[in-house]
1. Within the stretch 102-136, find all residues whose amide N lies under 17 Å from a label point positioned 7 Å from the Cα of residue 31 along Cα-to-beta-carbon.
2. Of 117, 52, how do they rank once you tally other Cβ atoms within 10 Å and put the fewest first?
3. Over the stretch 8-164, what per residue volume does the convex hull of the Cα atoms give, in whole Å³?
4. Mind checking the full-extension length gain between residue 145 and residue 16? Use 0.36 nm per residue of separation minus the Cα-Cα distance, one decimal, nm.
5. Based only on other Cβ atoms within 10 Å, what is the fewest-to-most ordering of 19, 78?
6. What nm value, rounded to one decimal, do you get for the distance between residue 136 and residue 56 when each label is placed 7 Å out toward the C-beta?
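What follows is calculated from the coordinates using simple rules that are stated; it is not laboratory data. All values reported here derive from a predicted model rather than from experimental measurement. For neighbour counting, all protein chains shown are included, and Cβ atoms are generated from backbone atoms with ideal geometry for every residue, glycine included.
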């Protein structure tokens, strides 16, 4: 909910600052991906792994919707990830025509590794900030997450998380 004391131009400026910060985060994420062991996963595979983690047991159609990709592309993507030992496909318990997607132990470990790399990159930035600024950032991010969650439905939130990965 917008506070009446915040003039529209101030909110616009804050929005621009958030956009700039998100662009810097993308650079940090890219550095994290470059720091990962060679031959791990592509950006599209990483996005798919994140979606599967959040929607454990989802089917190919759901994954395709979350990624904004067509069924044949998603199926080939899953073929490659399954061959790498990152994903397993199990028969659906509700439909004989569908499969359920799950991360393997190796898939979970890979995501943990990426998160550790990203955390190190972020920690290096946060260490350069004053403690009061870090506390203000943490409070602001918590409020932002809460406001965003109120605005987005659960399905839309999942799609947007997948798009941002």
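1. Zone members listed by number: 114-130.
2. Values: 117 18, 52 26.
The fewest-first ordering by Cβ neighbours comes to 117, 52.
3. On the way: hull volume 21.6 nm³, N = 157.
For the stretch 8-164, the hull spanned by Cα atoms encloses 137 Å³ per residue.
4. Details: separation 129, 0.36 × 129 = 46.44 nm, distance 1.73 nm.
Extra length from residue 145 to residue 16 when fully extended: 44.7 nm.
5. Working: 19 10, 78 22.
Ordered from fewest to most neighbouring Cβ atoms within 10 Å, 19, 78 come out as 19, 78.
6. 3.9 nm
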